[in-house]
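What follows is a set of notes on a single structure, which appears directly below.
The values are calculated or read from the model by the stated rules, or taken from the named source; none is laboratory data. Bear in mind that the values here come from a model prediction, so they are computed numbers and not experimental data. Heads up, the Cβs are rebuilt from the backbone with ideal geometry, glycines too, and the neighbour counts pull from every protein chain shown. Areas reflect the complete protein model, heavy atoms only, side chains present, ligands, DNA and RNA absent. Shrake-Rupley method; radii C 1.70, N 1.55, O 1.52, S 1.80 Å.
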Amino acid sequence: MVTLDLAQISVRDANTAMRAAAAQGEDIELVNPDARHHLGVGLVAPVKVTIRGSAGYFCAGLSHGARFEIDSNVGWGVGDSLYDGSVVVGGNASAIAGVALRGGEVVVKGNIGSRAGQVMKAGTLLCCGNASFLAGYMMYGGRIILLGDSGERVGEDMSGGAIYVGGRVQSLGADAKLAEITPEEYADIYAFLAKYGIAFEGGLQKIVNAGSKLRYGVNEPVSRPLSYTVAEEGTYWNAKVAEDIHAKALIGRYRIRGYGAAKAAPHFNDIALKIDPERIHAASDALATVNLKTTLGDRNGAKPLELSMPVLIAPMSYGALSKSTKIALARASKLAGVVENTGEGGMLPEQRAEAGQLIYQCLSGRLGWNIHDMLKADGLEIYISQGAKPGLGGQLMAKKVTKELAAVRGIPEGIDLRSPSRHPDIMGADDLVIKVEEFREATGYAKPISIKMGAGRVRDDIKIAYKDGFDFVQLDGMQGSTGAASTEVLENMGIPTLAAIQEALEGLREIDAGDDMPIVLMGGVKDGVDAVKALALGASAVAMGTAALIAGGCISCMQCHVGNCVVGIATQDPEHEERYKIDVQAKAIARYLEAVRWQIATLTKALGHSDFRQLSRADLVALTPEAAAITGLPYDPDYHPVEHVLTEVA
Amino acid sequence: MSCKPFSVDLSQDESGLPHYQPPPCQVACPIGTDVASYVGLIWEGKTSEALEAITATNPLSGVCGRVCDAPCEPACRRAGADGPVAIRALKRHVLDALGHDYRLPPVQPDKAKKVAIIGAGPAGLTAAQDIALAGYHVDLYEAQSRPGGMALWGIPDFRLPQKVVQDDIDRIFSRCPGIALHLNSPLGDNVKLDDLSQSHDAVLLAIGASAGKRLGVPGDDGAHVIDGVTFLNRVNGGERPILPKRVVVIGGGDVAMDACRTALRLPGVEKVIVAYRRGPEEIPARAYELHAAKAEGVEFLYNVAPVSIEENKGGVALKCRKTALGAPGADGRRAFSLVEGSDFDLACGLVIAAVGQKAVSLELARHGLMDGDKIFTRSADMGTRLPKVFAAGDAAFGSSTLVQAMFQGHKAAYYVLAALEGIAHPAPYRTPYRTRNAPVAQDILWEKLAPKEPPFLGLDKRDPFGDAEADYDARTAHEQAARCYRCDTETGSSDYTVKTRESIFALARPEAGPTEIAAITRTRLEKRPDLKPAGPATFDELVFLPANLTRLVIDPYREACKSATDLAGMKLAQPLLIAGFEDAPEAVAAAVAKTVAETGTAYVGRRPLPGLSAPWLQIVSDPVAADPAAAAILLDVGETTVLPRTRPGQLRGLIVTAATLEKGIACALEQRADLVVLDGSGALGAAWADLAGAPDLSILPRAVEQMRAARAEEAFPLIWFGGLRSGSDLAKMLALGASAGLVDVAAGLAAGGAIKPEGVDFTGVEAPEAGPRLAAYLKAATSECSMMARCCGKTNVHNLEPEDLRTLSLRAQAAVGIVMAGRKKIA
Ligand SMILES: Cc1cc2nc3c(=O)[nH]c(=O)nc-3n(C[C@H](O)[C@H](O)[C@H](O)COP(=O)(O)O)c2cc1C
């Protein structure tokens, strides 16, 4: 057994030492823990860890196989995303005990704080005392056993699993109901309690999902959008408005679709590069002479992502997209030497195998989130929101929750899946920094950690991202797409991509941040032309979602949410997915990325530069008063490049 | 309909329109058929409009509906998914559905000049129609006893009944009285080129390639060998010879397919074998024909070439050798070589050689017009070696498909017309693309519906030459039409438009090299005009700021958001009131009244709705009209000094517009009004006032400002009227300081109404449905409103504030005084 004294060493050193000891099969004892955060985080070995005192946040989080015993109390998030193994807390646990459990057992001898077992998926959370409010909030599976009182609104918006309450059920949460308990369940629970030496023979009440909220009675009557031009014809009460109202009058709820904001808003088309189009020729040697290589993510000493050009594939989930599409994107990203991203909902083994570099995204529902895939990833990303639907949680209908998808996400098959609008453990800037630290501790400070944000109060948000130590930011404007969101949110929530980059850079300037934290801009970047504009405005790289999908055959019918994607992209239906030919589309996407590379190189050269990092605002003019107002670029709709600002291309 | 056929009028090309992208099927069609429109029209059930779209460029629509090789289908984008749209079979459906005697109105000749066309096959007929429709006289000379050329003589009846050919031809002649047809008039005997050149202003040679080529091996002229076209011509002419038991067809093209299936239908035949010199991957016959031949029992031998034919006791021994395939040659087809020592014999009673056709004409040869077995023709202007003599079709460019022949007919007609009109250097011909902008099929199943081939009837022994394929039934045709992606239509996104999509597709294509990429890049660099529509700022130019890292507020666990509304003590379930409906049919108005009560809202109007039990806010222009039954009186003239009240407890309010704002608010403050309606439309009180269009948003911030200046911000609640369509619009007005919104046109639409010039029309609306629909709309709008609030981190819609908003345009910034996104301050 190895004894580590936290009065002597830092948490980081302690965690490193624990990993080393565990690798040798040694049990570990931590003395003087002093309620420090992140103790035992990311430990993957079947050893016993004894903590002599109290632990802080995320004790035993993201671990697999170890048996933790904490003599005294723990801070919030004990056993966060535990894969398997056990955690026994002698005293009380703070909020979100057992958050996002994916297996294993968390036993708290005392009381637990609010939202215990939030978004847990499997395993058992036992509390011998009382729980605070919202226990089992949005849980997907597994069981919570509360021997004392339940707290208020127990089981709120749970979609799967069960909560057993030995004491009083103070109040049921929304969409939760009481259910019968079978003798087998009783036997099982008693056996579990006996295993931990807990004497309890009383009766229990069981709480499960009532299923009253997620079903929609009527389908939307319209299957394909009217041309966007209908809304621009000048009549206020045009056919699109009438169609929209008629549809809502039929379904009684907001409408859903895929893609981003469809209305016209200031965008890349409203600014121009100072290039005479006539000077762009096929015979360009720009690919050979202009530097496009860059790296992302070493702001805090992690191993950076290596990009052959300043382009990333935007995070898009397996779930919104078919597995075949994710594989094609991964393959194409590798061919092009750029970075792929898992998006929400976990990492597919095939995707990991095909992608050269892969960012792994962590969302509020912690779907598919686990230590093993974190270790396999090349970067970790905390999703706060996206441009298409900032401020809202996600939802996936049971029909799409196939067996394979459920396995990757770590949830029961065929449940109606909703995810909360906020992370269980990120209420604000302070929590966020602790969360980031947890990921760093769990993965040995080796991986870049980025944040994905839809554009809202960017000027302020970016400062928090900076201060919380993110390695880079993925910033998404209101033009950014989605697989499904409310049309009203798509059109009315968030600010345009142009405004987002402007505010981000100004915000960073206001705190003298320098250019230490790169910004990856996305939301309606359609090709190398838009990419160059974004880079000239100050983005360090761009990401493309929809454009990559279109290159791979998406026909822009915007019906992603229906799940019957006609080309097999946005679907989990095997018959539809079969229509998508991975090899054909992977090659098409890769060719598209090469064309983008050609464009970025050629345009950079045409502007007189030899490195894309030399692109600047001086290379741009605004074509509309709005674009000029937003970006501060000169308004010059009649701009004609003067010969001397050009260098010959090709 | 224009009398000029579109295909020779390049000015009708619409492919340059900002929102029109010629779809791949149209581009693949040599004659630019507006496929997407006709398929869309079929879905809509507009069959005769569909035929107009088809025949505009295709005089042989019926023929093509049966036997076109349909290059559009492999080009169809859906081919890459679950199979192409059945473009050809749908065309047949249109023709069958309309009936064989469907005719288009005639177009009389109105010009003196005359054109002679030799050959009434697909190329000749097409050109004749184009030229006749342009007003000229045409003399059409046909060597055979009936017009139709290869369409009539070369394609067997079970694929193309002669009646169908005849219908198309009849349609052409009834439409074009200016065409005079001369049958049994081959070039040479009575019809001399020299004479025609004298008597006519131009001559077009479209004589076709109807002589079969020989096999080119020893014995290929024997008694047991016949060429494919001759064989088909004779059978189509009505002969039904008894054939030997075994027949071998040599070749792999469409003539070979027709020949083998025809042979199978003749008496005496037991077995038909097709021998093709390349492999199954290379065989040029259309998959559909190949499939049909196999389904009917034809056998296929691949990688086999004949080397000689020897007579033996009443039959032949066809000496064959195996072939080996090499690399693709210049034409993209793989070369083949004979494998030594692989010889074998095929015994049979008849060899049909279907290895190509050629044009033969002594008369033309005499004039030096021939170049081998083709007429020497310049593809640049379809001219020959003689002035004013043009050529088109298989005789000019070698045997090809029907639709290719029609393309050449159009093209030749274009240059002939140019010559007639004295245009020395016409713009080079290209197939023009046109769209009829048919609406997209709103078919819930469009993504799911599988491709379905028309019913295959195959070989019926009782009627061997009857139709081998049937038409779709109407429902199947409708379903198959629903499958179309409608690549021609503009998308629903102003960001990812159809042109953007196509440009991304183009960059991803295998053939995209630097030339293509450079061209696309140049287009993308071009500056575009500022297209912002004129008029006042609208709700669309306002957006909300979501709570991300900052303002992660208050109660992060509560997904619900409150929307209950209190208007001067009047308690409503949601911040949305209803107006309009005063002139709606009684039953609809009563249903609306019921819904207003059930949904916990209130009604605003000059008169209460019938049976209204919910609060009624009465609009009055004259204080004496105030009704004690009303919950509130809203005076709609801003200047009156005394706000009426007919009983204690009745709320007093007024309606102010942009014109009366200052006085109105001042009056409301002075009189201690209970509530004020801000009317952005300026028309509230009139029927369906919202039809006035985009409201003046500025009056809300101005009213708030005025109240603030008077230190009376909370003096009375403001109710917004004007332009509200959705819960998001409402949320924006709540953020700007309103307490509730008022809708009329949106409610009218929700109740099932339609906008007509006179107002909202309820013709055909079932009153029992109107109520629930309005309730559903209110529910949706309220949920949208609270969704906006929630995204901003609020748990009550009334907590939305101006700080939650940004504007997207300068005019909106000026109108509502909210800074534009991306900027720190207004100026
Ligand atoms: C089908 C689809 C699924 C998406 N899923 C996610 C996701 O899981 N996580 C995320 O951060 N963003 C997601 N996004 C948003 C993209 O990451 C990105 O912000 C957006 O697509 C950028 O705009 P663009 O599509 O115009 O390039 C998704 C987008 C699409 C189209």
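For the range B:243-353, the per residue solvent-accessible surface stands at 42 Å², with DNA, RNA and ligands left out and a 1.4 Å probe. The distance from the alpha carbon centre of the range A:88-163 to that of the range A:273-343 is 42 Å, rounded to a whole number.
Among the DSSP beta bridges whose two residues both lie in the range B:673-803, what percent are antiparallel, rounded to the nearest 5?
Values: 3 of 11 bridges.
Close to 25 percent.
Near B:GLY332: Cβ cut-off under 15 Å, other residues only, Lys/Arg at +1 and Asp/Glu at -1. The net charge is -1. Pairwise inverse Cα distances across the range A:1-101, averaged and inverted, put the Kirkwood hydrodynamic radius at 12.6 Å. Of interest is the spacing of the C-alpha centroids, which for the range B:33-81 and the range B:687-713 amounts to 54 Å. Evaluated over the Cα positions of chain A, the convex hull gives a direction-averaged projected area, one quarter of its surface, of 29.9 nm². Any chance you could check the Cα centroid distance between the range A:533-593 and the range B:430-481 for me, in angstrom? What the calculation gives is 30 Å, centre to centre.
Mind ranking B:642-651, B:45-54 by how tightly packed they are, going by the mean number of other C-beta atoms within 10 angstrom, highest first? Could you put the intermediate results ahead of the total?
On the way: B:642-651: 14.3, B:45-54: 20.3.
Most protected by this proxy first, the peptides run B:45-54, B:642-651.
Can you compute the charge dipole magnitude of the protein assembly as shown about its Cα centre, using +1 on each Lys and Arg Cβ and -1 on each Asp and Glu Cβ, nothing else charged? Give it in debye, rounded to the nearest 20. Provide the component values of the computation, followed by the final result.
Numbers: 152 positive and 174 negative charges, 222 e Å.
Computed about the Cα centre, the dipole is about 1060 debye.
Which translational diffusion coefficient, to the nearest whole µm²/s, is obtained for the range A:240-379 from the Stokes-Einstein equation, given a Kirkwood hydrodynamic radius over C-alpha pairs, 4 °C and 1.567 mPa s? The calculation lands on 70 µm²/s.
Panel note: the C-alpha atoms of the range B:243-353, placed on their principal axes, show extents of 42, 34, 17 Å (largest first).
If I fit a long axis through the Cα atoms of helix B:35-44 and take the longest principal axis of the Cα atoms of chain B, what angle between them do I get, 0 to 90°, rounded to 10? The angle comes out at about 60 degrees. Here the dipole of the range B:243-353 is about 100 debye; that uses its Cα centre as origin and unit charges on the Cβ of Lys and Arg (positive) and Asp and Glu (negative).
Working from label points 7 Å from Cα in the Cα-to-Cβ sense, the B:LEU10 to A:VAL31 distance is 9.5 nm.
Could you work out what % of the accessible surface of the range B:243-353 is carbon and sulfur, using a 1.4 angstrom probe and leaving DNA, RNA and ligands out of the count? All intermediate terms of the calculation are to be shown ahead of the outcome.
On the way: 2480 of 4710 Å².
Carbon and sulfur: 53 percent of the exposed surface of the range B:243-353.
For the residues of A:478-489, the average number of beta carbons from a partner chain within 10 Å of their own beta carbon is 4.
Can you check what the Kirkwood hydrodynamic radius comes to for the protein assembly as shown, Cα pairs only, in Å to one decimal?
Details: mean 1/r = 0.0273 Å⁻¹.
36.6 Å is the Kirkwood radius here.
Counting only protein heavy atoms and using a 1.4 Å probe, the accessible area of B:PHE173 comes to about 50 Å². For the range B:565-816, the spread of Cα coordinates along the three principal axes comes to 50, 45, 34 Å, biggest extent given first. Residues of the range A:243-259 that lose at least 40 Å² of accessible area (1.4 Å probe, protein heavy atoms only) when the other protein chains are present, relative to their chain alone, are A:ILE245, A:HIS246, A:LYS248, A:ALA249, A:GLY252, A:TYR254. Size check on the range A:2-209: the Cα extents along the three principal axes, sorted descending, read 50, 27, 24 Å.
The mean number of Cβ atoms from other chains found within 10 Å of a Cβ in peptide A:225-238 is 6, as a whole number.
Scoring B:237-245, B:193-201 by mean Cβ neighbours within 10 Å over their residues and listing the highest first yields B:193-201, B:237-245. For B:LEU181, nonlocal amide neighbours, meaning residues 5 or more places apart or on other chains whose placed amide H falls under 5 Å from its own, are B:LEU140. In sequence order, the range A:166-177 has phi-based couplings of x, x, 8, 8, 5, 7, 7, x, 4, 6, 10, 8 Hz under the Karplus curve 6.51 cos²θ - 1.76 cosθ + 1.60, θ = phi - 60°, and Gly or Pro positions carry x. Convex hull volume of the C-alpha atoms in the range B:434-542, normalised per residue: 240 Å³. Along its three principal directions, the equivalent ellipsoid of the range B:449-503 from the Cα gyration tensor extends over semi-axes of 40, 11, 7 Å, largest first. Simple rule: put +1 on each Lys or Arg Cβ and -1 on each Asp or Glu Cβ in the range A:438-573, find the dipole, and look at A:ALA442, A:MET558, A:TYR466; the Cα lying farthest toward the positive end is A:MET558.
Each Cα pair under 8 Å and six or more residues apart adds its separation to the average, and for chain A the resulting relative contact order is 11 percent.
Could you state how much accessible area A:MET427 has, in square angstrom rounded to the nearest 10, with a 1.4 Å probe and all protein chains kept in place? Number for this one is 40 Å².
How high is the relative contact order of the range B:565-816, given as a whole-number percent (alpha carbon pairs under 8 Å, six or more residues apart)? Please report the intermediate quantities before stating the final value.
Numbers: 525 pairs, mean separation 45.2, N = 252.
Result for the range B:565-816 is 18 percent.
The stretch between B:ASP761 and B:ALA474 holds 100.0 nm of extra length on full extension. This uses 0.36 nm per residue minus the Cα-Cα distance.
Accessible area per residue for the range B:565-816, computed on protein heavy atoms with a 1.4 Å probe, is 34 Å². Close amide H pairs (under 5 Å, H built 1.01 Å from N) link A:ILE144 with A:LEU125, A:ALA162, A:ILE163, A:TYR164, residues at least 5 positions away or on another chain. Using a Förster distance of 22 Å, how high is the FRET efficiency between B:LYS245 and B:VAL307, based on the Cβ-Cβ distance and rounded to 0.05? For R0 = 22 Å, the calculated efficiency reads 0.40. Amide H to amide H distances under 5 Å link A:ARG457 with B:ASN548, where only residues 5 or more positions off or on other chains count and H is placed in the peptide plane.
For B:LYS527, the lysines whose Cα comes closer than 22 Å to its Cα, not counting residues fewer than 8 places off in the same chain, are A:LYS263, A:LYS274, A:LYS526, A:LYS533, A:LYS605, B:LYS499. Please say if the range B:363-477 is rounded, prolate or oblate, where rounded means a/c under 1.5 for a ≥ b ≥ c the square roots of the C-alpha gyration tensor eigenvalues, and otherwise the choice is prolate for a/b larger than b/c and oblate otherwise? Note, shape of the range B:363-477 comes out oblate. Our Cα-only numbers for the range A:374-491 put the radius of gyration and Dmax at 15.6, 42 Å. For B:GLU516 and B:PHE456, a Förster radius of 35 Å and the Cβ-Cβ distance give a FRET efficiency of 0.30, rounded to the nearest 0.05. Distance between the pseudo-spin-label points of A:ILE9 and B:THR523 (7 Å out from Cα toward the beta carbon): 6.4 nm.
Remind me, what semi-axes does the range B:1-139 give for its equivalent ellipsoid, largest first in whole Å, using sqrt of 5 times each Cα gyration tensor eigenvalue? Spell out each step's value before the answer.
On the way: eigenvalues 149, 59, 44 Å².
Taking √(5λ) for each eigenvalue gives 27, 17, 15 Å, largest first.
Computed with a 1.4 Å probe over protein heavy atoms only, the accessible area of B:LEU742 comes to about 0 Å².
Note on the range A:157-251: percent of Cα-Cα distances in each 5 Å bin, starting at 0 and stopping at the bin with the largest distance, equals 2, 10, 14, 12, 10, 8, 6, 6, 6, 6, 6, 5, 4, 3, 1. Surface burial for A against B, with a 1.4 Å probe and both sides summed, reaches about 9900 Å² of accessible area.
Charge dipole of the range B:565-816 (Cα centre as origin; +1 on each Lys and Arg Cβ, -1 on each Asp and Glu Cβ, all else neutral): 480 debye, rounded to the nearest 20. Relative to the longest principal axis of the Cα atoms of chain B, the long axis of helix B:498-508 makes an angle of roughly 50 degrees. Computed over chain B, the alpha-carbon pair-distance distribution with 20 angstrom bins reads 13, 32, 24, 19, 10, 1, 0, each value a whole percent. Computed on the Cα atoms alone, the convex hull of the range A:312-407 gives a volume of 93 cubic angstrom per residue. Total lysine pairs in the range A:2-209 at Cα distances under 26 Å, for residues eight or more apart or on different chains: 11.
Remark: the range A:295-587 carries 23 Å² of accessible area per residue (probe radius 1.4 Å; ligands, DNA and RNA excluded).
So for the range A:295-587, Kirkwood radius off the Cα pairs, Stokes-Einstein at 25 °C and 0.890 mPa s: how many µm² s⁻¹? Walk me through the numbers before you get to the answer.
Numbers: Rh = 18.7 Å.
The calculation lands on 131 µm²/s.
Mind giving me the FRET efficiency for A:GLU404 and A:ALA282? R0 is 45 Å, r the Cβ-Cβ distance, nearest 0.05 is fine. Efficiency for this residue pair is about 0.50. Restricting the range A:164-204 to trypsin sites (Lys or Arg not before Pro) that sit in a DSSP loop and have at most 16 other Cβ atoms within 10 Å of their own Cβ leaves A:ARG168. Straight-line cross-link partners of B:LYS411 among the lysines, defined as a Cα under 24 Å from its Cα and at least 8 positions apart when in the same chain: B:LYS4, B:LYS91, B:LYS111, B:LYS113, B:LYS114, B:LYS358, B:LYS374, B:LYS388.
Which whole-number percent gives the relative contact order of chain B, counting Cα pairs below 8 Å spaced six or more residues apart?
Values: 1734 pairs, mean separation 95.8, N = 827.
In percent, rounded to a whole number, it is 12.
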